[in-house]
Each structure stands twice: as C-alpha cells, then as structure tokens.
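Contents: one structure, followed by commentary.
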Amino acid sequence: MTFDLADKTVVITGAARGIGRGTAAAAAARGAKVAVIDLRQDDVDRAVAELGGSTIGFAVDVTDRDGLQHTFETIARQLGGIDVVVANAGIAPRGATVPGMDPREFDRVIEVNLTGVYNTVIGALPFITERRGHVLLTSSVYAFMNGVGVSPYAVAKAGVEQLGRALSVELAPYGATAGVVYYGFIDTEMVKVGFDQDPIANSVQEMLPSFLTNRISPAEAGEATVRGIEKRAARTIAPRRWTPYSALRGLLNPIVDAAAARNRSVIDMVLAFNARSAGDRTDSTRDTDAATESTSTR
C-alpha cells in the first residue's frame, strides 16, 4: 500500500541544498508539508522561499541533540505532527589515509554523519511512532564499498546502515517503519569538491566500472528517495544500478579490496595523500613556530 504524502508533515535535515533539497522538492510536489532543517539560516530561508507552499525552515546543527529535540517539538506544534523524518545531513572529509587524517576531522565526520543521524532519530521517534510514520536514514554505497581515502565517511555510512536495520525491526510493533537510502555518485557540491576539485581523490573512481561512477542529479536522487518513502521501503538505492553490487557485496568485496591493494593508481593515490598530509603538518608547524617567534619578539 502506498504511503500517501499529501498533507503529511515531512522533516528533512540537510535540506537546503543537494539531495536534501531534491527530496524536499519531490515531497512538496506530492502535497506534503515540508520542514527544512539545515545549518545556516540564510540557506534555510532561501530554500523555504524557493520551495514555497507550506514549507517552513529551521537552522539547527544535527550535532545539537537538545536543539533538534526543541525543533521537532516546534514543527509538530506548527504543522500538527510529524509523519516522516529524513536524516540526510552529512559532510565529507578531505581525502586522506587513516594515519594521515587529522583526528579532529575524523571525529567531526563521525559526529555529523553518524551521531547526527542518531540525534535526528532519537528526537523524532516519539512523533513518528505516535502517527505510525516513517523514518529514513541516509547512507551511501560507501557502506559496502572500500572507503580508502575517506574512511570516516565510510565508517559512518556503514553505522547508519546498521542503525536503520535495527530500527526497521524495533518500530514494527508500533506500526511505524524505518528505511535506509544508499546513494551512489550524485552531482552535488560535496561530490564536486571531494572528487572534481581534488585530483588525488579521482583515483577512487578508477577502482570501479565507469557505469557505476556516472552521476545522477540531486533532483533524480530526491525523486528516488520519495518513491522509497511512499513504499515504506526498508532499502532504497539510487541510482538503482548499484543494487547488484549491494546484493553481492559479500562475494565482490574481497575481490575488489585485493585488486585495489595492487592497483597502481590506488597505490599512487595513497602515497600522494600521505605526502600531502605530511606537507600540511609541516606547514602547520611552521605557522606555529612563526607565531611563537612573533609573540616572543614583541
């Protein structure tokens, strides 16, 4: 049975741009009352104005658990309840290996992409269960492909997958549902910055057949996302060409990992990442030394 979104309240984090924005537009087109949540108020205001209708917006950081809780209470009060929540907000790290990455950046990606999803879910569930609604968690094909160069992103997305699977069972007794959406390469600003503007990271795409790395638009991703919500699907994959890989991951991943470890482009990428990280640390040390010297000579 189709979950009709007309007059339902759909809350989306990270909805001011990219996939979140595409999802908000697709939900609004179906007559849903949409609540946009994003980090910066000016981005939120712009999205609300362009989406129009009964869309409302709030600027809140998904790492702020109390702030999210207050926001959900406000949305429920203004729109008469909450039927669907899409935990979409996320960030990507600059390409680096595990030892080369600044631990603070690793922590921040986990905090936003995994703990932020948990914060969204835990704040929304009382409203979702009350109305037998649906919660959708945003994962990625990085939940099941090798995360070389972007390890905290892959770690977070794999964690989101497991959180969503647990919720799909735990919500069943209450008539509510949960799903996970896995995105491949979407033509968002985050992907452009992570790959197009970082020539080192481009080698990641050489690990895969070109048809898997071909990008779809945020609008196409948003439409696929909403179709999954309408089906209360436990799993949505966009684009769908990643579905066989997901189904066969247990067989394919050992082969892919072994091949990547021998791939000259991937090896060069790892070495280049480590060289860049070493250079960043050297530059940081020089800046610190210069600042110390400047202070001591005043």
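When D198, D102, D187 are checked against the criterion of being within 20 Å of R17 (Cα to Cα) and among the charged types (D, E, K, R), a single residue qualifies: D187. For S246, the requirement of being touching a strand residue (DSSP E or B) at 6+ places or on another chain (Cβ under 7 Å) and either among the acidic types (D, E) or surrounded by fewer than 18 Cβ atoms within 10 Å (Cβ to Cβ) (or both) is met. Among the residues of the range 57-70, those that are in contact (Cβ under 8 Å) with a residue 12 or more places away in the chain and more than 22 Å from A156 (Cβ to Cβ) comprise G57, F58, A59.
For a quick check of your reading: which helices (runs of 4 or more DSSP H) sit entirely within the range 1-90 and have at least 1 residues that are at pLDDT 95 or above, touching a Lys or Arg at 6+ places or on another chain (Cβ under 6 Å) and over 24 Å from I186 (Cα atoms)? Give the derivation first.
On the way: elements: 18-29, 41-51, 65-79.
Those helices (runs of 4 or more DSSP H) span 65-79.
Looking only at residues of the range 87-118 that are in contact with a helix residue (DSSP H, G or I) (Cβ under 6 Å, 6 or more places away or on another chain), within 21 Å of V180 (Cβ to Cβ) and not small (G, A, S), we find that the one that is surrounded by the most Cβ atoms within 10 Å (Cβ to Cβ) is N88. A single member of A221, A261 is farther than 25 Å from A87 by Cβ and of a type in the set (G, A, S), and it is A261.
Looking at the range 113-222, the helices (runs of 4 or more DSSP H) lying wholly inside it that each contain 2 or more residues that are at pLDDT below 95 sit at 210-213.
Assess whether V121 counts as being surrounded by fewer than 24 Cβ atoms within 10 Å (Cβ to Cβ), over 18 Å from the mean Cα position of the chain (by Cα) and over 22 Å from E189 (Cβ atoms). For V121, the condition - surrounded by fewer than 24 Cβ atoms within 10 Å (Cβ to Cβ), over 18 Å from the mean Cα position of the chain (by Cα) and over 22 Å from E189 (Cβ atoms) - is not met. Taking the conditions exactly as written (within 30 Å of V266 (Cα to Cα) and in a loop (DSSP other than H, G, I, E, B)), does V98 satisfy them or not? In short, yes.
The values are calculated or read from the model by the stated rules, or taken from the named source; none is laboratory data. The model shown is predicted, which means the values in this text are computed figures rather than measured ones. Neighbour counts run over all protein chains shown; Cβ positions are idealised from the backbone, glycine included.
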